[in-house]
Each structure stands twice: as structure tokens, then as C-alpha cells.
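The block underneath contains the structure these notes are about, expressed in C-alpha cells.
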Amino acid sequence: MIRGIELIDARIDLVSPFRTSFGTQTYRDLLFVRVLDDDVEGWGECVAMSEPGYSSEYIDGCRAMIERFLLPFVGPQTSAEQFVERAKEVRGNYMAKAAVEAALLDRQLRLAGQSLAEYLGATKDRVASGVSVGIQSSIDELIKVVGGYLADGYLRIKLKIEPGADIEQVRAVRSTFGDDLLLQVDANAAYSVGDAAHLAKLDEFDLLLIEQPLPEEDVVGHVDLARAVRTPICLDESITSYEVARGALDIGACSIINIKPGRVGGFIESKRIHDLCLDRGVPVWCGGMLETGVGRAANLALAALPGFTLPGDTSASSRYFAEDVTEPFVLEGGHLGVPTEPGASRHPLAAQLEKMEVRRTSHHL
């Protein structure tokens, strides 16, 4: 029986600055949801960032949303599925909802002795690992960083791009590392549809995809862009639900979808989007939000579903953190193993969490 919920704020340093078109991160503010039960506990990780750059959600707002509006939906016997249905009364706030859903799902799967991979219908015991490379200070530095990740064994490289740091950077990576390198780019909505001719210059590099070139709301603009470039368009920020994914595919706004559980409200909705894409023959891959091992474990379970045919951003713990809050995930032969133990999350190590924790509040049911 659930007897309470804890919200735990923490902070973890990144091993190196991570620069995208919307800012540079040197650390990660964390928010964990812990479900307290008489028999087991469940953990979920909120993927929102400190500021509303990638998304309109941000970490302090998610905490307030959970405390004021979402926790009242949780009772002593509430399942993750029941919470998802009840939380539909609240508009948006997908990252906050996903964190609570993950913690409830972790608890109920541990009680049932079932792994998240089994619950979702995974078909793989390991997933191919790609890495996201932030915008670098120079092309020489970019080549050095990419070479290091390839030496580590990563199977796919994703370059963050923005106006002024795009064509020449991609050209340098492709010419240095060859045509066999699985290479894609991510604009994080940094361009407009008026940049179509410029983005078409990327066609010569045989990229896997261009991820979210235009603003989140400009789904129709992506239709026009998809007609102007040969490189496949992948949507990330724009895809916030099953309904949006279906609509984007219907109108030809994209031919690939990046599924991030936090962005769409959780793993139950992620599975629905996966099934839609699998039915239509649309490739999907699992994006990352610089999660610790708590959330990374769940992402790996999701990425083991059959429709995830492209390497995702499910990198090893050491890609971002010198010390993870959990037992680290380690790259082996370009892959990460899918967790098979009961539950939906990897739980924090008490000593690690104590070093990172900022505050903790308890809410009794």
C-alpha cells in the first residue's frame, strides 16, 4: 500500500560543458519522485531542465505541478495506468506527469516481479548506443571529441547544430571519419522554414536524419521543409502525444520520430506512439535528456522494443557524469544491456544521492 510520496531535489555535475542551440549546461538539476510503500518503493526521474529552453516545462515548475495538482490523483492503491487516466484532467505538463508515472510503474512492477522491458514488450536484450555531441568551440575540437567517442565504441554520432555552426562542421566530420559513419544532426528548433535552401546543403553528407530543424509549433513548416530537402526529417520537440505523432505522420511533416518518455508524458504513451509507428513502418529511436541511471534504465527498456531500429541517445553513464547517482551503465561493444530486474528504474545509491541531494519533501497520503 502506498503511504507517501517524496520529492527529492539534487544536482550533478557534467564531465564537460554541453552546448546546444538553446544554451550550455555544466551541471544538471535533478528531481526524483519516490513512492513509499509498505513492501517496496518506486523511483522516477523528472527530465525537465532548470530553465524553459528545450521545453516550456522547467524543474521548479514540475515540482510545483506535482505537489499541487498531480499528487492528489495518487491514493494507497493507485496504479500507473490509473494515474495516467486521472491526470488527463490536467493539460500538458508531460514531464511532471512522466516522473510520477515512472515512480508508480516502478513500484507496481517490483511488486509483480516484472521488468519494464517485459511490461512494454521488449524484444532485445541490448540496444545500440549513439552519442550526442554538443556544439564545440572549433572544428578541430569537434573532430577530437567525435574521434574520442568513436574510440569508446559508440555506433552513431549526433551533432548539435545551429545557424553558423552547421554545414562546415558536418563536412569536417564526414570527410574525417568516412561515409560509413552513422551520422545525424539535431537543430533543437534553431532554424526557420526560410532556411530550407541552406539546410538542403546537408543532403550531400548522407545523414540519417535532421532532427527538429524548425520550432516546436511549426509542424506544417516541417511539411514544406521535407519537400525541399532529401535528408529525412525527424521530429522531437513537436511530438508531445500520440495524437500529435499521428497528425505529423498523416501530413508528411516527418518520416522518423524521436520518442522521449518525459516529453510525451511517460512510458505508457511512449508505447502507444511506438506501436503507431511500427504499424506504419516509421522508424523510431529513443532520445535522451541527460538522465541519471534512474531514468536511463527505463529508457533502455523502451529502446528494446522492436520499432526502435535506429541507435538512440542511450549513452553510457560516463558520457555525462564522472559518478552517476546509481550503479553506472557501461558501454560494451557499442551497446548497453537492457535491465531485466523487476521494476522500471535503477534506484539511487544512498551514499551517492546524499552527496548530490539539495532538499527533500515528504507528502503523506
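What follows draws every value from the coordinates through simple rules; no lab data is involved. Treat the numbers as computed from the prediction; the structure is a model and nothing was measured. Reconstructed Cβ throughout: ideal geometry from the backbone, glycine too, with neighbour counts over all protein chains shown.
For the chain, set up a Gaussian network in which alpha carbons nearer than 10 Å are linked by springs, and say which option among 220, 33, 74 fluctuates the most. Evaluated over the chain, the most mobile residue of the options is 220.
Note on the chain: GNM, Cα springs under 10 Å; of 255, 270, 175, the largest mean-square fluctuation is that of 175.
Fewest-first ordering of 132, 137 by other beta carbons within 10 Å of each residue's beta carbon gives 137, 132.
Calculated [222 nm] ellipticity per residue, helices only, for the chain: -9500 deg cm²/dmol; basis is -39500 (n - 2.57) per DSSP H run with n ≥ 4, divided by all residues, nearest 500. Rank 31, 181, 300 by mean-square fluctuation in a GNM of the chain with C-alpha springs under 10 angstrom and give only the top-ranked residue. Comparing 31, 181, 300 in a Gaussian network model of the chain, the most mobile one is 181.
Classify segment 117-337 from the C-alpha gyration tensor, please: rounded if a/c falls under 1.5, else prolate or oblate depending on whether a/b exceeds b/c. Oblate, since a/c reaches 1.5 and b/c is not below a/b.
Helix 139-152 and the longest principal axis of the Cα set of the chain meet at an angle near 50°. Considering only beta bridges that DSSP places wholly inside the chain, some 60 percent are antiparallel. How many Lys pairs in the chain lie less than 15 angstrom apart by Cα atoms, where the lysines are 8 or more positions apart or on different chains? Taking the chain as the scope, the lysine pair count is 4. Cβ crowding within 10 Å, taken as a proxy for footprinting-reagent exposure, orders 2, 66, 139 from fewest neighbours to most as 139, 2, 66.
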